[in-house]
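Student: Below you'll find the structure I mean.
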Amino acid sequence: MATDEYLATPAELAEILGRPADDPKLLFALRAATRRFRGAVRHRVTLVEGDAVTLDGNGRESILLPVWPTTVVTSVHLDGELLVDGTDYAWSHDGILRRLGCRVWPPRLRCLTVVYSHGWPVDEVPEDIVEVVLDQARIVDTVKPGVQSKAVGGQSVTFGAQAAIGVTDQWAKAVARHKVRTSGDA
């Protein structure tokens, strides 16, 4: 079972590597890959409750919350005034915060404070994230830093450029899809 410490299960990585799920080196590789993904997207990915963010207004009807999926919006303050869900604004699972009543968010810096919950429960982390984290953990476990080719006796192994630098196209696409959104992403 996955825990909040990992974005994939040790059992899945153990199956790939052919080692026990409690192997310290395997757990280190999975923890390192999880940290690397979280660092690249700049958020936990798993469920965070009651996160408070201050946002800039954009002069438009809708604004994007930085992290999705949104599970609940607890409060929205505009210039310190508490707004009412369903009357002043509405929100979506995709992290869209929409002003209601033909109004727009004012084009001012730091005018919105939103308290919301976001992310996936540990057992519902998207498969694209699980897959790239497992792949990255396999690379961390297998590839020696700075080594692209290794020969022992009559056998040799050469690692591809992706393994040597640790970034695949699949990784880059997953990071782009799940990264923290900015006002320019709207």
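Student: Select from the stretch 87-100 the residues that are closer than 15 Å to ARG60 by Cα and either of a type in the set (D, E, K, R) or loosely packed, with under 15 Cβ neighbours inside 10 Å (or both) and list them in ascending order.
Tutor: ASP88, ALA90, ARG98, ARG99, LEU100
Student: Can you find even one residue in the stretch 101-119 that is part of a helix (DSSP H, G or I), open to solvent by less than 20 Å² (accessible area, probe 1.4 Å), closer than 30 Å to LEU27 by Cβ and touching a residue at least 12 places away in the same chain (Cβ under 8 Å)?
Tutor: Checked against the condition, which is being part of a helix (DSSP H, G or I), open to solvent by less than 20 Å² (accessible area, probe 1.4 Å), closer than 30 Å to LEU27 by Cβ and touching a residue at least 12 places away in the same chain (Cβ under 8 Å), the stretch 101-119 yields no hits at all.
Student: If the Cβ limit is 7 Å and pairs must be 6+ apart or interchain, which residue in the stretch 64-75 that is on the phi < 0 side of the Ramachandran plot pairs with which residue that is modelled with pLDDT of 95 or more and of a type in the set (Phe, Trp, Tyr)?
Tutor: LEU65/TYR116; PRO69/TRP120; THR70/TRP91; THR70/TYR116; VAL72/TYR116; VAL73/TRP91; VAL73/TYR116; THR74/TYR116
Student: How do the strands (runs of 3 or more DSSP E) wholly within the stretch 1-86 filter down when requiring 2 or more residues that are open to solvent by 40 Å² or more (accessible area, probe 1.4 Å): which remain?
Tutor: Strands (runs of 3 or more DSSP E) meeting the threshold: 48-55, 70-78.
Student: Could you figure out which of (1) under 26 Å from TYR6 (Cβ atoms); (2) more than 11 Å from the chain's Cα centre (by Cα); (3) of a type in the set (A, V, I, L, M, F, W, C) isn't true of LEU55?
Tutor: That leaves (1) as the condition not met.
Student: Here is a follow-up. Quick one: in the stretch 125-160, which of the residues that are part of a loop (DSSP other than H, G, I, E, B) and modelled with pLDDT of 90 or more is surrounded by the fewest Cβ atoms within 10 Å (Cβ to Cβ)?
Tutor: Filtering first and then ranking leaves PRO126.
Student: Could you check, for the stretch 93-107, whether at least one of its residues is farther than 30 Å from THR168 by Cβ and acidic (Asp, Glu)?
Tutor: no
Student: Against the condition at pLDDT 95 or above and within 16 Å of PHE37 (Cβ to Cβ), how does LEU100 come out, does it pass?
Tutor: Details: at pLDDT 95 or above: yes; within 16 Å of PHE37 (Cβ to Cβ): no.
It is false that LEU100 is at pLDDT 95 or above and within 16 Å of PHE37 (Cβ to Cβ).
Student: For a quick check of your reading of the model, give me the residue pairs whose first member lies in the stretch 3-16 and is closer than 15 Å to VAL48 by Cα, whose second is surrounded by 14 or more Cβ atoms within 10 Å (Cβ to Cβ) and modelled with pLDDT under 95, with beta-carbon atoms closer than 6 Å and at least 6 apart or on different chains.
Tutor: ASP4/VAL122
Student: Shifting gears a bit: Test of understanding: among THR70, THR3, which residue is under 23 Å from the mean Cα position of the chain (by Cα) and modelled with pLDDT of 95 or more?
Tutor: Working: THR3 fails: modelled with pLDDT of 95 or more.
It is THR70.
The values are calculated or read from the model by the stated rules, or taken from the named source; none is laboratory data. Keep in mind the model is a prediction, meaning the values are calculated, not measured. In this analysis, Cβ positions are derived from the backbone assuming ideal geometry, glycine residues included, and neighbour counts consider all displayed protein chains. The area values use the complete protein model at the heavy-atom level, side chains included, leaving out ligands, DNA and RNA. Shrake-Rupley method; radii C 1.70, N 1.55, O 1.52, S 1.80 Å.
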